[in-house]
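Chemist: Just dropping this structure here.
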Amino acid sequence: MESDEDMHDANDVESDDFYSGEADDYYNSDNADVDDYEFVEDADADSDVFTARHHQQNYIILKEEDIRQRQEDDIIRVAGVLSIPRVAAIILLRHYNWSVSKVHDAWFADEDGVRKEVGLLERPVVVHPNLRELPCGICFESHPRDKIKSAACGHPFCSTCWAGYISTSINGGPGCLTLKCPDPSCGAAIDQEMINLFAPKEDKKKYSQYLLRSYIEDNRKTKWCPAPGCEYAVEYAAGSEGYDVSCQCSFNFCWNCTEEAHRPVDCNTVAQWIMKNSAESENMNWILANSKPCPKCKRPIEKNQGCMHMTCTPPCKFEFCWLCLGAWSDHGERTGGFYACNRYEAAKQEGAYDEAERRREMAKNSLERYTHYYERWASNQSSRQKALHDLHQLQTVHLDKLSDIQCQPESQLKFIIEAWQQIVECRRVLKWTYAYGYYLPELDHAKKQFFEYLQGEAESGLERLHQCAEKELHQFLSDENPSCNFNDFRTKLAGLTSVTRNYFENLVRALENGLSDVDAHGGCSRAASSKSVGSSKASKGGGRGKGTASIRAGSSRTDDASHWSCDHCTYANVKSATTCQICQHRR
């Protein structure tokens, strides 16, 4: 039975996404399902082995025919159980947001109350004698009995007025689904039979579409895909873990806020970031940081080159000194000439400009910080769009060509598709980590350094993978004959895909946990001592925050005795290798 408690708040669950799948066979073929992403102690190897929990898909994609079938099934079920006409079942389901259980509960608890509430009358409130003509309640003209129609209430209206009333309501929007008797004092519902009787074909089609859309929009477990032009709907499994949805139109979105999928950043942060990107506040910050008001008309003026002699634009045309904002007529050689101002320097020594300069400096710092994060957020967005285009080209053009050149079936080239899918997903995650970083408190140095370390390691791994998939693949597409180096390329790309996945698993999990593995003093908390958030030490590698945030190192062994795991990038190398095939780090 459905209830409001069926749906969980976004903050109470973690998301299911790209990272919940199996690791690549080139990396580790002995993965096992466990209850969470964690490092578990292995008694034999005495090592920490990363294993990922596998989630089942927690949503169903619905096409229009699926929606219509489900809607019809619910209507038939309610009509059968309550022994009421089909049109009455539609009115009841609409009123109770298409919840069959709520209709049953309310009906059997108080049938009369429900009928009165929704306008399903058992008998007419107005009874007419056997007159040959009746007056219409809208145009007040008398019409033959066969030209007068009434809803269940019995109020008489002519066919022309009914047609106008219904057509106006339908063209007014979805409100026509709750249409009532035209009599102002009557609450009787107008059912679909009346609509079909008086509405023209085009209006019937609109009404049917409104009814279909209401089945999705009024149901708390279903939503339309927010992608422009997409006609798929999504049914979400209440109580399941994860809000990331991948529609069949290829658009990924968050079920909770319907914005683009943004794991591991929470919906509130995303809303703040989107609002900030579209707000005028940054324009005002730029004006404050890079301009000064004209002393006469107060319009902001930007100085980008030249001397200190400024002339305001017409009609003001006031001439003044850029430094002290005094009239230029009071300046000359004695005040420092065109490129200096003795008056400004003297006043500055006395503290006359301290507050204005402080405000300007604060605005400038704020703007520079925002620009830093926004540029990288936007850059990863454009890189993701480019990667999506490259993936499409690979699937539609290049894969077939590569298969012919290398004399291998396309099924053997799946590793390239997986690499590009990983790139697309990692670009999305990396993009949103910059929004996360912007709102990370500046004073929390330990968490900030730990975050920047994880972000830096993930970004570095992604760049290596992207370069390999983009640049090295291109040379094989230019070959005319099979290359003896292709198998080496396969091993390298598959390995980089697995390594990059591991980096981003670490990053995603850490951010979803609020970087809780870092204590206030800059190290890992005691609670994190039994789990490793990364597979390399913070004092190594190319991370950006390498100082105080320490990370427990991953083991140099794996479950497979024929391989060893690189401490730097976690790649599983063959036992005979002395240097890592991916990062060239010595064993």
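The values are calculated or read from the model by the stated rules, or taken from the named source; none is laboratory data. Note that the coordinates shown come from a computational prediction; the quantities given were computed from them, not determined experimentally. All Cβ positions, even for glycine, are placed from backbone atoms using ideal geometry, and neighbour counts span all protein chains on display. What goes into the accessible areas is simple: the full protein's heavy atoms, side chains included, and nothing from ligands, DNA or RNA. Shrake-Rupley method; radii C 1.70, N 1.55, O 1.52, S 1.80 Å.
Chemist: Hey, if we sort Arg369, Arg376 by accessible area with the 1.4 Å probe, largest down, what's the order?
Modeler: The ordering from most to least exposed comes out as Arg376, Arg369.
Chemist: In terms of modelled amide H atoms, which long-range or inter-chain residues lie less than 5 Å from the amide H of Ile301?
Modeler: Those qualifying (amide H under 5 Å, at least 5 residues apart or on another chain) are Lys292, Cys294.
Chemist: Ratio of Rg to Rh for the range 121-200, alpha carbon only, Kirkwood? Present the calculation step by step, with values, prior to reporting the outcome.
Modeler: On the way: Rg = 12.3 Å, Rh = 12.9 Å.
With Rh from the inverse mean 1/r over Cα pairs, Rg/Rh is 0.95.
Chemist: Hey, another quick one. Does the range 220-261 classify as rounded, prolate or oblate by the C-alpha gyration tensor (a ≥ b ≥ c root eigenvalues; a/c under 1.5 gives rounded; else a/b over b/c gives prolate, otherwise oblate)?
Modeler: prolate
Chemist: Taking the Cβ-Cβ separation of Ser562 and Ala271 as r and a Förster radius of 56 Å, what is the calculated FRET efficiency to the nearest 0.05?
Modeler: Working: r = 50 Å, r/R0 = 0.89.
Rounded to the nearest 0.05, the efficiency is 0.65.
Chemist: Using the Karplus equation 6.51 cos²θ - 1.76 cosθ + 1.60 (θ = phi - 60°), what ³J(HN,Hα) coupling, rounded to whole Hz, does each residue of the range 147-158 give in order, writing x for Gly and Pro?
Modeler: With coefficients 6.51, -1.76 and 1.60, one gets 9, 9, 10, 9, 7, 4, 6, x, 5, x, 9, 6 Hz.
Chemist: Could you calculate the contour length gain from Ser101 to Asn487, that is, 0.36 nm times the residue separation minus the distance between their Cα atoms, to one decimal place in nm? Can you show the working numbers first?
Modeler: Values: separation 386, 0.36 × 386 = 138.96 nm, distance 5.85 nm.
Working it through step by step, the gained length comes to 133.1 nm.
Chemist: Given a cut-off of 19 Å, name the pairs among Lys102/Lys221; Lys102/Lys204; Lys386/Lys492 whose C-alpha atoms lie farther apart than that in the structure shown.
Modeler: Among Lys102/Lys221; Lys102/Lys204; Lys386/Lys492, the Cα-Cα distance tops 19 Å for Lys102/Lys204; Lys386/Lys492.
Chemist: Between Ala378 and Lys471, what FRET efficiency follows from the Cβ-Cβ distance if R0 is 25 Å, with the result rounded to 0.05? Please report the intermediate quantities before stating the final value.
Modeler: Details: r = 23 Å, r/R0 = 0.93.
The computed FRET efficiency comes out at 0.60.
Chemist: Also, I was wondering about something else. What do you reckon, how do Lys201, Lys63, Lys292 stack up by accessible area (1.4 Å probe), largest on top?
Modeler: Descending order: Lys201, Lys63, Lys292.
Chemist: Heavy-atom accessible area of Asp112 with all protein chains present, probe 1.4 Å, nearest 10 Å²?
Modeler: Per-residue accessible area (Asp112): approximately 110 Å².
Chemist: May I pose another question? Taking 0.36 nm per residue of separation and subtracting the Cα-Cα distance, what length does fully extending Arg132 through Glu64 add?
Modeler: Stretched fully, the Arg132-Glu64 segment lengthens by 19.8 nm.
Chemist: Determine which residues of the range 118-144 fall in the zone a paramagnetic label at Lys180 would reach in this model, i.e. backbone nitrogen under 12 Å from the point 7 Å along Cα→Cβ.
Modeler: 118-120, by backbone N distance to the label point.
Chemist: With a probe of 1.4 Å, find how much accessible area the range 220-261 has per residue, and write the answer as a whole number in Å².
Modeler: Ligands and nucleic acids excluded, the result is 44 Å² per residue.
Chemist: Given labels modelled 7 Å from the Cα in the Cβ direction, how far is it in nm from Ser329 to Leu197?
Modeler: 8.7
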